[in-house]
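Student: First the structure, then my questions, so here it is.
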Amino acid sequence: MPGRSAERRAAWQRLRSPRHPRIWFEILLIAVSYGVYSLIRNAVPEQKAQALRNADWIWRAEHSLGLAFEKTVNHAADSVGWLIVSMNYYYATLHFVVTVGVLVWLYRRHPGRYAAIRMVLFSTTAVALLGYYLYPLAPPRLMEGENFIDTVLVHQTWGSMASGDLKHMSNQYAAMPSMHIGWSLWCGLAVFALAKAPWARILGLLYPTATLVVIVATANHFWLDAVGGLLCVGFGLAVVSLWYGALPHRLPRYAAPRRGRGAGAPDPAAGVPGPAVGAPVAAASEAAVGLPDPVAGIPAAGVPVAAASEAAVAPAGPAAAEAGPAPAVGAGHAP
């Protein structure tokens with residue numbers, strides 16, 4: 001029926017419209033999603049023999065392109081102790097810290113775009129899981145006979161689940177695509193597109209660039225793994241563009257209010273936040289009914305509603321009684 005079809009279209013449109021995020025839901029969603037991601041990533045069969053064969057193929061392909069520079073970068077960085085130790089900690093920590101920090105910034109400063117940009121991150125990560133399953137790949141540091149340096153083992157740094165005591169907690173043959181690049185590029189694009197300060201936008205561009213140097217210097221990835229991460233981010237952007245009909249940065253900064261939010265919800269049409277949360281509804285009502293009405297004779301703005309009501313129902317004095325009944329409001333008589 002036409003009525004039901006219109007209702008379904010309206011419900012579908014509401015589902016696709018940006019909404020203001022809820023903090024408890026976002027914390028739960030991110031925690032559960034990362035747990036599921038880690039579980040699936042580590043449940044993918046390691047397939048060591050196939051992963052090593054794929055690594056040999058990648059290495060030969062890079063040689064044929066004249067771009068097999070990973071070993072040179074790895075050995076050069078390892079020769080500078082403070083530099084490679086810093087890179088090891090960068091690899092182990094910023095992958096999570098910066099991503100969570102950007103999510104918090106988006107939640108607070110761009111709530112209308114938050115859900116769309118979060119969907120880019122989730123779509124990027126989901127398609128990466130497919131890559132881990134279909135194309136197991138050993139990182140350069142695990143290749144046999146190529147003399148790459150496992151910098152975590154050599155310098156005994158902590159925090160990385162790629163080497164050392166924590167290596168059994170993570171799938172060692174899930175190098176393609178690189179989610180260090182995928183997540184850092186997601187962070188960088190979000191900051192570059194939405195930040196106003198020039199220095200912040202520059203940092204947004206530098207972060208994935210520095211991450212590329214780190215993953216190569218620590219022998220955790222080939223540069224072609226970074227290309228895989230880039231393609232995953234492109235997939236995530238395509239998904240969001242199809243769902244919302246626009247790229248995330250083109251959506252309104254403030255989302256449509258959820259039902260029951262009341263005063264203080266942002267106005268999506270204006271693109272600016274509404275009145276302060278908790279603004280008294282009664283005050284707004286009094287202001288509304290205090291507007292002048294030249295036809296009905298309602299008092300001008302600022303006249304208390306109660307006073308106006310009392311004036312309207314006050315008993316007529318002796319002079320009014322002698323003058324006879326008052327003309328009807330709106331009858332065209334002068335007051």
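The values are calculated or read from the model by the stated rules, or taken from the named source; none is laboratory data. Just so you know, these numbers come straight off a predicted model, no measurement behind them. Here the Cβ positions follow ideal geometry from the backbone for every residue, glycine too, while neighbour counts run over all protein chains shown. Keep in mind that these areas ignore ligands, DNA and RNA; they rest on the heavy atoms of the full protein, side chains included. Shrake-Rupley method; radii C 1.70, N 1.55, O 1.52, S 1.80 Å.
Student: I'd like the FRET efficiency for HIS155 and ARG250, computed as 1/(1 + (r/R0)^6) with the beta carbon distance as r and R0 of 35 Å, rounded to 0.05.
Tutor: That gives a FRET efficiency of 0.20.
Student: Hey, another quick one. Efficiency by 1/(1 + (r/R0)^6): what FRET value for SER64 and ILE23, r their Cβ-Cβ distance, R0 = 45 Å, to the nearest 0.05?
Tutor: For R0 = 45 Å, the calculated efficiency reads 0.35.
Student: Something else about it: At a 1.4 Å probe radius, carbon and sulfur cover how many percent of the accessible area of segment 99-219?
Tutor: 67 percent
Student: Could you do me a favour and compute the accessible area per residue for segment 179-261, 1.4 Å probe, result in Å²?
Tutor: Accessible surface, normalised per residue, equals 46 Å².
Student: Give me, ordered by chain and number, the residues 5 or more places off ALA174 or on other chains with an amide H under 5 Å from its own placed amide H.
Tutor: LEU137
Student: If R₀ is 25 angstrom, what is the calculated FRET efficiency for the pair VAL85 and TYR34, using the beta carbon separation as r and rounding to 0.05?
Tutor: 0.40
Student: Can you compute the modelled spin-label distance between ILE202 and VAL97, with each label point 7 Å from Cα toward Cβ, in nm?
Tutor: Taking the simple label geometry, ILE202 and VAL97 are separated by 2.2 nm.
Student: Taking a ≥ b ≥ c as the square roots of the eigenvalues of the Cα gyration tensor of segment 85-152, is the shape rounded (a/c under 1.5), prolate (a/b larger than b/c) or oblate?
Tutor: Because a/c hits 1.5 or more and a/b fails to exceed b/c, segment 85-152 counts as oblate.
Student: Another question, if that's okay. Rounded to the nearest 10 Å², what accessible area does LEU39 have for a 1.4 Å probe in the complete protein model?
Tutor: Rounded to the nearest 10, that gives 130 Å².
Student: What list of ³J(HN,Hα) couplings, whole Hz, do you get for segment 49-59 from phi and the Karplus terms 6.51, -1.76, 1.60, once you set θ to phi - 60° and write x for glycine and proline?
Tutor: Taking θ as phi minus 60°, the curve returns 4, 5, 5, 5, 5, 5, 5, 4, 5, 4, 5 Hz for segment 49-59.
Student: Now, a different point. Apply the Karplus curve 6.51 cos²θ - 1.76 cosθ + 1.60, θ = phi - 60°, to the phi angles in segment 229-234 and return the couplings in whole Hz, x for Gly and Pro.
Tutor: x, 4, 5, 5, 5, x
Student: If we count every other residue with Cβ under 9 angstrom of THR151's Cβ, Lys/Arg +1 and Asp/Glu -1, where does the sum land?
Tutor: -1
Student: So who's got an amide H within less than 5 Å of the one on TYR254, skipping anything under 5 residues away but keeping other chains? H placed 1.01 Å off N, in plane.
Tutor: Amide H neighbours of TYR254, under 5 Å, 5+ apart: GLY112.
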